[in-house]
C-alpha cells in the first residue's frame with residue numbers, strides 16, 4: 001500500500017517546505033533538468049503536487065494521493081491515479097520518466113523500476129532523484145526520521161543502491177548530477193549543479209533503456 005497518509009494529512013506542510021527553501025528547490029530543479037531530455041513525451045511517477053513536473057514542463061503524472069493530485073492538476077499536470085509498482089499505462093508509451101524522492105516511499109523499489117522500464121520506449125530514459133542516504137542531509141534526515149511528518153515511514157537509499165536496482169531492471173548508460181553541497185539552513189543562493197555523485201546531498205541518476213533488445 002502506497003505511503004500516502006502523511007501527504008494526505010499534511011499537504012500544507014509539504015508545500016511549505018518549498019516556500020521555506022526556495023534556493024534548494026531551484027537547485028534541485030536545475031539538477032534534474034540537466035539530465036532531462038529536451039523533447040518527447042514524459043511522465044513523472046509520484047508527481048505529488050506538480051512541484052517538479054510543472055516547471056520542467058512534464059505534461060503527465062501518476063500519483064496515488066488524491067489531495068496532492070488535485071494540486072498538481074491545478075498546476076497544469078494531467079494526473080492519473082496509480083502507484084509506481086503498477087503503472088496504469090501501456091508498455092513503451094513514454095520517451096522519458098522522472099521520479100523525485102519517490103523511490104524512498106514506494107513499497108517495492110524493484111517493482112517500481114521494472115514498471116518504469118516497461119512503460120518507456122526503446123532508447124528512453126528514467127531519471128531518479130533522491131537525497132542520498134550517505135550524504136550529510138541524508139544522515140540528518142535519518143537522525144530525525146522518527147519525528148518527521150513525512151520521512152518516518154521512508155526507506156532511504158544510497159546512490160549506489162539505486163543504480164544497482166536500475167541495472168537489475170534493465171537500465172544502463174548512467175549519468176549523474178548532484179547539488180546541495182551545504183546544509184539547508186546555510187543555502188543563501190542557488191547551489192551549483194555538478195556532474196557525478198558523492199559530494200552533493202541531492203543526486204539525480206539517469207539510466208537508459210537499450211535501443212534494441214530487452
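Selection over segment 62-90 of residues that are in contact with a helix residue (DSSP H, G or I) (Cβ under 6 Å, 6 or more places away or on another chain) and closer than 18 Å to residue 8 by Cα gives a count of 6.
Is it the case that residue 165 is buried (at least 17 other Cβ atoms within 10 Å of the Cβ), modelled with pLDDT of 95 or more and closer than 21 Å to residue 95 by Cβ? No: the conditions fail for residue 165. Residues in segment 159-184 that are under 23 Å from residue 6 (Cβ atoms) and in a loop (DSSP other than H, G, I, E, B): 180 only. Note on segment 1-55: residues that are closer than 18 Å to residue 179 by Cα and part of a helix (DSSP H, G or I) amount to 15.
Determine, yes or no, whether residue 169 is in contact (Cβ under 8 Å) with a residue 40 or more places away in the chain and in contact with a strand residue (DSSP E or B) (Cβ under 7 Å, 6 or more places away or on another chain). Judged against the criteria, residue 169 is not a match. Scanning segment 71-109 for residues that are out of contact with any strand residue (DSSP E or B) (no Cβ under 7 Å at 6 or more places or on another chain), over 14 Å from residue 42 (Cα atoms) and surrounded by 15 or more Cβ atoms within 10 Å (Cβ to Cβ) yields 71, 75, 83, 85, 105, 106, 109.
Conditions tested, residue by residue: (1) at pLDDT 95 or above; (2) buried (at least 19 other Cβ atoms within 10 Å of the Cβ).
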{"site": "111", "(1), (2)": "yes, no"}
{"site": "142", "(1), (2)": "no, no"}
{"site": "148", "(1), (2)": "no, no"}
{"site": "153", "(1), (2)": "no, no"}
{"site": "172", "(1), (2)": "yes, no"}
{"site": "179", "(1), (2)": "yes, yes"}
{"site": "200", "(1), (2)": "yes, yes"}
{"site": "207", "(1), (2)": "yes, yes"}
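Determine if segment 21-36 includes at least one residue that is more than 15 Å from the chain's Cα centre (by Cα) and more than 17 Å from residue 192 (Cα to Cα). Within segment 21-36, none of the residues are more than 15 Å from the chain's Cα centre (by Cα) and more than 17 Å from residue 192 (Cα to Cα). Taking the stated definitions as given, is residue 130 within 18 Å of residue 14 (Cα to Cα) and modelled with pLDDT of 95 or more? Yes: the conditions hold for residue 130.
The values are calculated or read from the model by the stated rules, or taken from the named source; none is laboratory data. Keep in mind that this is a model prediction, so the values were computed, not measured. Ideal geometry is used to build each Cβ from the backbone, glycine not excepted, and the neighbour counts take in all protein chains shown.
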